1. Test each condition in (1) modelled with pLDDT of 95 or more; (2) open to solvent by 80 Å² or more (accessible area, probe 1.4 Å); (3) of a type in the set (Asp, Glu) for Glu53 and report the one that comes out false.
2. Quickly run through the range 13-40 and pick out the residues that are more than 13 Å from the chain's Cα centre (by Cα) and within 22 Å of Glu72 (Cβ to Cβ).
3. Please determine whether any residue of the range 28-37 is under 17 Å from Thr1 (Cβ atoms), open to solvent by 80 Å² or more (accessible area, probe 1.4 Å), out of contact with any Lys or Arg (no Cβ under 9 Å at 6 or more places or on another chain) and among the aliphatic types (A, V, I, L, M).
4. Search the range 1-19 for residues that are within 13 Å of His37 (Cα to Cα) and pair each with any residue that is open to solvent by 90 Å² or more (accessible area, probe 1.4 Å) when their beta-carbon atoms are under 8 Å apart and the residues are at least 6 apart or on different chains.
Amino acid sequence: TWDFKLKVEKHMENFKKSNDKMMKYPNIIRVFRLVVHQAAEKNGFISHTFGNEEATKFILVYKSEFNPSEDELERMSLKYNLLLTDEEIKKKKKKKKKLW
C-alpha cells in the first residue's frame, strides 16, 4: 500500500504540472481508491468513482476548474454505473422531464 501511495502522489504532482484536465485510475480495489481520493483532495483536485461492480470500478480525477457539471456527472453515472448506452440515457432524461 505504501508503494502505491507514493506512486499516486507522484502522479498527482505530474498531473498538477501538466496541461491535462483529467486523469483516470482504472480498476483499482477499494483501499487503493481511498488513497487516490485522499491524494486528489490533498492536491486540490476533484475525484469521482464510477463502475457498478468492485472489479470494474475506476476513478476520474479532475483539476477543480474542469470538474464536470451535475448533468455530466449524472450522465456518466448512468453510463458507467447502470451500463446504459448514450441513447438509453437520452430516453431516460426525456421521461424524467415529462414527469415535471
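1. The one condition Glu53 does not meet is (1).
2. Narrowing the range 13-40 to residues more than 13 Å from the chain's Cα centre (by Cα): 13-20, 29-32, 35, 38-39.
Residues satisfying the conditions are Phe15, Ser18, Asn19, Asp20.
3. yes
4. Listed by first residue and then by second, the contacts come to Met12/Lys42.
The values are calculated or read from the model by the stated rules, or taken from the named source; none is laboratory data. Keep in mind that this is a model prediction, so the values were computed, not measured. For neighbour counting, all protein chains shown are included, and Cβ atoms are generated from backbone atoms with ideal geometry for every residue, glycine included. Note: accessible area is taken over every heavy atom of the protein model, side chains too, but ligands, DNA and RNA are not part of it. Shrake-Rupley method; radii C 1.70, N 1.55, O 1.52, S 1.80 Å.
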